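Notes to accompany the following structure.
The values are calculated or read from the model by the stated rules, or taken from the named source; none is laboratory data. Computed from a prediction, not measured in an experiment: that's the story for all the values here. Every residue, glycine among them, receives a Cβ derived from its backbone with ideal geometry; neighbour counts consider all protein chains shown. Accessible surface areas use protein heavy atoms only, side chains included; no ligands, DNA or RNA. Shrake-Rupley method; radii C 1.70, N 1.55, O 1.52, S 1.80 Å.
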Amino acid sequence: MAVEIKSAAEIEKMRATCRLAASVLDYIGPHVQPGVTTEELDRLCHAYITERGAYPSPLNYKGFPKSICTSINEVVCHGIPGPRKLVDGDIINIDITTTLDGYFGDTSEMFVVGEGSPEAQRLIEHTREALWLGIMEVAPKKRLGDVGAAIYEFAHGEHGYGVVTDFCGHGIGRQFHMAPQVAHVGRRNSGLRLRPGMTFTIEPMINLGRPETRILDDGWTALTIDNKLSAQVEHTILVTETGYDVLTMRETGWHPPKAPIRC
Ligand code: MF3
Ligand code: CO
Ligand code: CO
């Protein structure tokens, strides 16, 4: 399938929706506290997004019942907000997608409730580092295999984590999920050749144990097969003439100390 190249006007719309999606994470962070339910986080994000003239893309997407995804501990992705109260030591991924003026922006972040175990903290830090190693491969003429290889070599090769292959990053624009698929494993110098104007997500899911997942009877919630912890972080990326632009970057967002925020 052909991969879209966005025009300058479309890129401006992508910037706006991605900026909004990122701001939701800044907004919701302080609400991630022991005792809050994931349903309450969903309600707050829904109100924040709709008050700003946008739509929370997950809501009714292929039947998904809520406005955000909340994936706690062994949940890999697509957790459905509900009555579960957060407790001290939980780790939670909050995945926000907004539709603004017809364009989608997609980003997710990990939060620790109270104090996480050193193992959980390390998993989250390594997952952020894996995402950024992938991001830093993005440039014209580089290939998607370079992105997946950088993530896998670090997460599995150096640290022995399970890298999830059941779910991928994806092209994004006027559709939530479009070509190309962005795998978090790969072989260098293989796969799609990147060109300025492409927009896609990178969203590695990194497991403390095995990489396999299973889906609950709700048809959405993906869990690790060994019930060990999983972490994920996600950005929407634009390929520029010289490299990459992280469209969902936040002032307060994590990035590697020496990496440029924009280039
Ligand atoms: N935001 C998720 C992603 O990163 C997709 C969620 S689909 C939903 O691609 F239906 F679960 F919302
Ligand atoms: Co995504
Ligand atoms: Co997402």
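Where in region 156-263 are there strands (runs of 3 or more DSSP E), lying wholly inside it, with at least 1 residues that are of a type in the set (A, V, I, L, M, F, W, C)?
178-182, 199-202, 205-207, 213-215, 222-224, 230-232, 235-239, 244-246
Within region 146-180, can you find the residues that are away from ligand 2 (no atom under 16 Å from the Cβ) and either touching a residue at least 60 places away in the same chain (Cβ under 8 Å) or in contact with a Cys (Cβ under 7 Å, 6 or more places away or on another chain) (or both)?
Gly162
For the subset of region 128-144 comprising residues that are part of a helix (DSSP H, G or I) and open to solvent by 10 Å² or more (accessible area, probe 1.4 Å), which member is farthest from His255 (Cα to Cα)?
Of everything passing the filter in region 128-144, Leu144 is farthest from His255 (Cα to Cα).
Among (1) open to solvent by 30 Å² or more (accessible area, probe 1.4 Å); (2) more than 20 Å from Gly219 (Cα to Cα), where does Gly63 come up short?
Tallying (1) open to solvent by 30 Å² or more (accessible area, probe 1.4 Å); (2) more than 20 Å from Gly219 (Cα to Cα), Gly63 fails exactly one: (2).
Looking at region 187-194, is at least one residue at pLDDT 95 or above, more than 18 Å from Trp132 (Cα to Cα), buried (at least 21 other Cβ atoms within 10 Å of the Cβ) and in contact with a strand residue (DSSP E or B) (Cβ under 8 Å, 6 or more places away or on another chain)?
no
Taking the condition of being open to solvent by 20 Å² or more (accessible area, probe 1.4 Å) and of a type outside the set (D, E, K, R), how many residues in region 8-19 meet it?
Qualifying residue count for the region: 4.
Pick from region 66-84 the residues that are surrounded by 23 or more Cβ atoms within 10 Å (Cβ to Cβ) and outside any loop (DSSP other than H, G, I, E, B): which of them is nearest to ligand 1 (Cβ to nearest atom)?
Out of the qualifying residues, it is Cys69.
Counting only residues that are part of a helix (DSSP H, G or I) and among the small types (Gly, Ala, Ser), which one in region 20-35 is surrounded by the most Cβ atoms within 10 Å (Cβ to Cβ)?
Across region 20-35, the extreme among qualifying residues is Ala21.
Within region 215-242, track down each residue that is out of contact with any helix residue (DSSP H, G or I) (no Cβ under 9 Å at 6 or more places or on another chain) and within 14 Å of ligand 3 (Cβ to nearest atom).
The answer is Ala222, and nothing else.
Yes/no per residue for (1) touching a helix residue (DSSP H, G or I) at 6+ places or on another chain (Cβ under 9 Å); (2) not charged (D, E, K, R):
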site: Ile135; (1), (2): yes, yes
site: Lys142; (1), (2): no, no
site: Gly145; (1), (2): no, yes
site: Phe154; (1), (2): yes, yes
site: Gly160; (1), (2): no, yes
site: Gly173; (1), (2): yes, yes
site: Pro180; (1), (2): yes, yes
site: Ala183; (1), (2): yes, yes
site: Leu194; (1), (2): yes, yes
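Can you tell me which residues in region 198-223 are touching a strand residue (DSSP E or B) at 6+ places or on another chain (Cβ under 9 Å), of a type outside the set (A, V, I, L, M) and surrounded by fewer than 18 Cβ atoms within 10 Å (Cβ to Cβ)?
Gly209, Arg210, Glu212, Arg214 - these are the residues of region 198-223 that are touching a strand residue (DSSP E or B) at 6+ places or on another chain (Cβ under 9 Å), of a type outside the set (A, V, I, L, M) and surrounded by fewer than 18 Cβ atoms within 10 Å (Cβ to Cβ).
Identify, please: which residue in region 100-127 is buried (at least 21 other Cβ atoms within 10 Å of the Cβ) and in a helix (DSSP H, G or I) and is, among those, nearest to ligand 1 (Cβ to nearest atom)?
Thr127
Suppose we filter region 224-243 for residues that are more than 16 Å from ligand 2 (Cβ to nearest atom) and open to solvent by 10 Å² or more (accessible area, probe 1.4 Å); how many remain?
So the answer is 8.
Before we move on, is Thr17 at negative phi, hydroxyl-bearing (Ser, Thr, Tyr) and not in a helix (DSSP H, G or I)?
no
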